[in-house]
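Working notes, beginning with the structure itself.
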Amino acid sequence: MNPVRSLLLSALFVLMLLAAYLWLLPHMPAVIPTHWNAQGQINGYMTPLKAVAVPMVIIAGLALLTILLPAISPQGYSIKPFAAVFTIVMLAVQAFVLFSAFGVLLNGAGHPMQQPLSTMVGLGLLCMVIGNYMGKLQKNFFAGIRTPWTLASDEVWERTHRMAGWLFMLAGLVTVIAALAGAPLMMAIYAVLAAALIPAVYSYFIYQRVQGKS
């Protein structure tokens, strides 16, 4: 996907949020719930304007990074060779922000949204998308499992990200199933943390093996 299409899609996300806000605003009180703890209890509120402004700024920031990071990535660690994959992953993160914000606005307007269930489902789907593309990320400083050992060796980077791809797919599937089964949010957090930490540890041992062969 070229940068212009990426920016247009990001702009569409922002406009969709704005449209949802304007549509739901007459039905929202002065403050609405915006954050839930691991037990599903409300522990944070915002005004409707702030509740829509924050995700809009996040999406805009991610859209800017999607264009900026390939341009400033150093030679030898350039994002440009896999810019299409990088763009898809960044758009998936933006879509997750959009999905979560929709849930907050709908819930605030009196349309029941089971939180944090909907967020867990969105997080699980995001992990599955990331996992699907993880193995296609090439060595860089901005995206992926960036440890001293993956950055030191192309082989270690490749093998670590192949493993990480499967783990993120599994974590995403576990998160979606856990959400639908009514499991606590912490299960999703543990699954995602494991998918991120296990490959980081794995990269050290693979590096030692590769170095031993050398």
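Just rank ILE79, ILE177, fewest to most, by other beta-carbon atoms within 10 angstrom.
Final ranking by Cβ density, sparse to dense: ILE177, ILE79.
Less than 15 Å Cβ to Cβ from SER73, Lys/Arg counted +1 and Asp/Glu -1: what total charge do the surrounding residues give?
+3
For n ≥ 4 DSSP H runs only, could you compute -39500 (n - 2.57) per run for the chain, divide by its residues and tell me the 222 nm figure to the nearest 500?
On the way: 7 runs with 152 residues, N = 214.
Calculated from helices alone, the mean residue ellipticity at 222 nm is -24500 deg cm²/dmol.
Could you run the Karplus curve 6.51 cos²θ - 1.76 cosθ + 1.60 with θ = phi - 60° over region 125-134 and give me ³J(HN,Hα) per residue in whole Hz, x for Gly and Pro?
For region 125-134, the Karplus curve yields 5, 4, 4, 5, 5, 4, x, 5, 9, 4 Hz.
Given R₀ = 41 Å, FRET efficiency for ARG162-ALA30 by Cβ-Cβ distance, to 0.05?
Between ARG162 and ALA30 the formula returns 0.20.
Scan around SER73 for amide H atoms under 5 Å from its own, H built in the peptide plane at 1.01 Å from N, and keep only partners 5 or more places away or cross-chain.
So SER73 has HN proximity to ILE79.
What would the Debye formula give as log10 I(q)/I(0) at q = 0.07, 0.08, 0.14 Å⁻¹ for the alpha-carbon point model of the chain, no solvent?
-0.26, -0.33, -0.92
With Rg and the Kirkwood Rh both taken from Cα atoms, where does Rg over Rh land for region 90-214?
My calculation puts Rg/Rh at 1.09.
If you average the alpha carbon positions of region 1-73 and of region 97-154, how far apart do those two centres end up, in angstrom?
14 Å
Take each of the peptides 8-15, 186-193, 86-93, 41-48, average the number of other beta-carbon atoms within 10 Å over its residues, and list them starting from the highest. Provide the component values of the computation, followed by the final result.
Working: 8-15: 15.8, 186-193: 17.2, 86-93: 20.1, 41-48: 14.0.
Put in order of decreasing packing, that is 86-93, 186-193, 8-15, 41-48.
Please provide three numbers in whole Å: the alpha-carbon extents of region 1-114 along the principal axes, with the largest listed first.
The Cα atoms of region 1-114 stretch 51, 30, 19 Å along the principal axes, largest first.
We did not get these values from a lab; they are worked out from the coordinates using the rules stated. Only a predicted model underlies this, so the values are computations on that prediction, with no experimental measurement involved. Note that each Cβ is placed from the backbone with ideal geometry, even for glycine, and that neighbours are counted across all protein chains shown.
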